[in-house]
Each structure stands twice: as C-alpha cells, then as structure tokens.
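Asker: After the structure tokens below, expect a handful of questions from me.
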Amino acid sequence: MANSTAEAEVIEFPKEAGKKASSTERIWGKAVYKHGYAGIPSILIQAQQRLGINSMQMNIIVQLLDYWFEPSRKPFPTKKELATRIGVTEKTIQNNIRALELAGLIQRQMRRTAAGDWNSNIYDLDGLIAKVQALEPEFAAEKKQRKEAKAALTTPVGRRQQAKKLPRPHA
C-alpha cells in the first residue's frame, strides 16, 4: 500500500446566533439599554388616575422601580437621591411618599445602621402591586371588548348576514 495522506475538508460550524435583542433594546439602542431599565407595567401607566396617583407620585414610583433590582430585595434609596434625580426638595419627596403610604400603595420601613444611626428607608411596593393586579381583569375585559368590536367591523357585511341565516347545531 502506498503511503497517502488524505486531507480532510474542514467545515466550520456556523457561529451561534446571539440572543435576539428585546424590543426595548431595539427601540433605545444597545448603548442605552446596557445601562439597565426599569420594568413598568402598562396597566400602572394607564391606570394612574384610577389609582389616584398624581404626576409627582408617579415619578417617585418610577424612581423606586428603577432602584428595585431583585424581587426579594426591596428598594432603599435615600430621600436625597430621589430628590436629586427628580429635581425637587426632600420635603416634596417626603410629603408624596406619605400620601402614597396613606393610599396603601407603599409601605415605608425604617432601618438603622450597625452603629444605631438611621439609614435610608426600605420601600415596600406590595400594596401598589396588589392594586395593579386587581385591575388586570378590568383591562383584560376591555381588551376583549376592543378585539370583538374590531372583529365585527372587519367582517364583511355579507358574511355577517350568512352567519345569521345558518342553522345552529343542536346539542
């Protein structure tokens, strides 16, 4: 037998396609998106007035949501941090958080440092979450009604009349 070296053809595997960019990333761009985002449900935005939340309180809620990274670890920014981000006084933050507490949307938990000094508050948004979740069935019903109304508008008239004339099967 003759010595022959067979050369194998090397076929490169296609590179694994990266994770598809989310719609938020596609809207804002990768550079902006990589700095993070806050999850704000559309129901919260659309039901702001139903929940009795004014624009300053909504801004505070959005800021608190931006500080909330893990479900098990509630946000704890200082009033000064919130005031600086929004461009208002700490007293404005304090008054609006108090109003959100009275409405049952936020619960403030005071905490101390290891040395016994007062630290920033922890903000529990479970009341807000519960009220938004309670509104979901209303939003689902409204969405269903809009879908049915749209379907009725897009069905040709002739088909609607035929559907009325067809005999219905008996059970």
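Where a number appears in this text, it was derived from the coordinates with a stated rule and is not lab data. Remember, predicted model here, so these are calculated numbers, not experimental data. Cβ atoms come from the backbone with ideal geometry, glycine included; neighbour counts cover every protein chain shown.
Asker: Given +1 on the Cβ of Lys and Arg, -1 on the Cβ of Asp and Glu, and no further charges, what dipole in debye does the range 23-135 carry about its Cα centre, rounded to the nearest 20?
Answerer: Working: 15 positive and 9 negative charges, 20 e Å.
Charge dipole, the range 23-135, about its Cα centre: 100 debye, nearest 20.
Asker: Here's something else I'd like to know. If we count other beta carbons within 10 Å of each Cβ, what is the order of D126, D66, D117, fewest first? Intermediate results must be reported in sequence, preceding the final value.
Answerer: On the way: D126 12, D66 16, D117 7.
By the 10 Å Cβ count, ascending: D117, D126, D66.
Asker: OK, next. When you take every Cα atom in the range 19-155, what is the radius of gyration, and what is Dmax, the widest Cα pair distance, in Å?
Answerer: 18.4, 71
Asker: Now, a different point. By what distance, in whole Å, do the Cα atoms of the range 90-159 stretch along each of the three principal axes, largest value first?
Answerer: 79, 24, 15
Asker: Still on this structure, I have one more. Loop only per DSSP, at most 12 neighbouring Cβ atoms within 10 Å: give me the chymotrypsin sites (Phe, Trp or Tyr not before Pro) in the range 56-122, ordered by residue number.
Answerer: Values: sites: Y67, W68, F69, W118; in loops: W68, F69.
Filter output for the range 56-122: F69.
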